1. Of the residues that sit in the stretch A:55-75 and are within 14 Å of another protein chain (Cβ to nearest Cβ) and at pLDDT below 95, which one is farthest from residue A:12 (Cα to Cα)?
2. What is the residue count in the stretch B:47-62 for residues that are at pLDDT below 85 and either buried (at least 21 other Cβ atoms within 10 Å of the Cβ) or not in a strand (DSSP E or B) (or both)?
3. Of all residues in the stretch A:2-22, which are away from chain B (no Cβ under 13 Å) and either loosely packed, with under 13 Cβ neighbours inside 10 Å or more than 22 Å from residue B:35 (Cβ to Cβ) (or both)?
4. Can you tell me which residue within the stretch B:86-96, out of those that are within 11 Å of another protein chain (Cβ to nearest Cβ) and surrounded by fewer than 22 Cβ atoms within 10 Å (Cβ to Cβ), is modelled with the highest pLDDT?
5. For residue B:69, which of the numbered conditions (1) surrounded by 13 or more Cβ atoms within 10 Å (Cβ to Cβ); (2) in a strand (DSSP E or B); (3) modelled with pLDDT under 95 fails to hold?
6. Collect the residues in the stretch A:76-110 that are touching a residue at least 60 places away in the same chain (Cβ under 8 Å) and away from every other protein chain (no Cβ under 12 Å), keeping them in residue-number order.
7. Looking at the stretch A:62-72, which of its residues are surrounded by fewer than 18 Cβ atoms within 10 Å (Cβ to Cβ) and touching a strand residue (DSSP E or B) at 6+ places or on another chain (Cβ under 7 Å)?
8. Just give me the residues in the stretch B:1-22 being more than 12 Å from residue B:109 (Cβ to Cβ), surrounded by 14 or more Cβ atoms within 10 Å (Cβ to Cβ) and within 14 Å of chain A (Cβ to nearest Cβ), in sequence order.
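The values are calculated or read from the model by the stated rules, or taken from the named source; none is laboratory data. For clarity, every value in this text was computed on a predicted model and none was experimentally measured. Cβ coordinates were reconstructed from backbone atoms using ideal geometry, including for glycine residues, and neighbour counts include every protein chain displayed.
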């Protein structure tokens, strides 16, 4: 089976840094995705990690530890437009679709 | 714009109605998916089509009936739905590499907000 946990809601200040954690228990783990979803819109791809370590892409970075079943998404220099839900999703061997966590709703305040 | 379109964007229907949701992808992908997103719950996979063949069906009630006439189009036919079926229905596509464990990202459409009265 698969189980994915991430905080329900987070609040941060414009210009600050925020870290959104995700823990997972998955048999046949084959990679972890982060998606961003603004209210009423489609989820959009942010990052993909399959090996341990940090992947940096502009203001966003994603980290993975396969041995700990743990990932985080790091958002730097927060902007108001970063207010959205952030979805952690896991890929597993033998499954063609992703398994999603419930999402973390981030509110960026002035 | 992700290259995946869905119509209609909003749908209100009674429990005795029959309606269909449409998804079209313009990315040349070979796999398409239906997900259900309810408030404060994870995205739930409903169906997966790969090369127009249904390869996964996640114990979805028979009142939901998918159809994939070609690799670019995916439908979800709805009949005799229940109020608890009210949710956001998301379509996605990806380029699956058959015979390997390689996985490519899924591109999502904007969804259809369904309300069942």
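1. Among those residues, the one meeting the criterion is A:55.
2. Qualifying residue count for the region: 4.
3. A:10, A:11, A:12, A:13, A:14, A:15, A:16, A:17, A:18, A:19, A:21
4. Filtering first and then ranking leaves B:88.
5. The single condition residue B:69 does not satisfy is (1).
6. Scanning the stretch A:76-110 gives A:77, A:78, A:79, A:80, A:86, A:106, A:107, A:108, A:109, A:110.
7. Initially, the stretch A:62-72 is screened for residues surrounded by fewer than 18 Cβ atoms within 10 Å (Cβ to Cβ), giving A:65-68, A:70.
A:66, A:70, listed by residue number.
8. Listed by number, the list is empty, since nothing qualifies.
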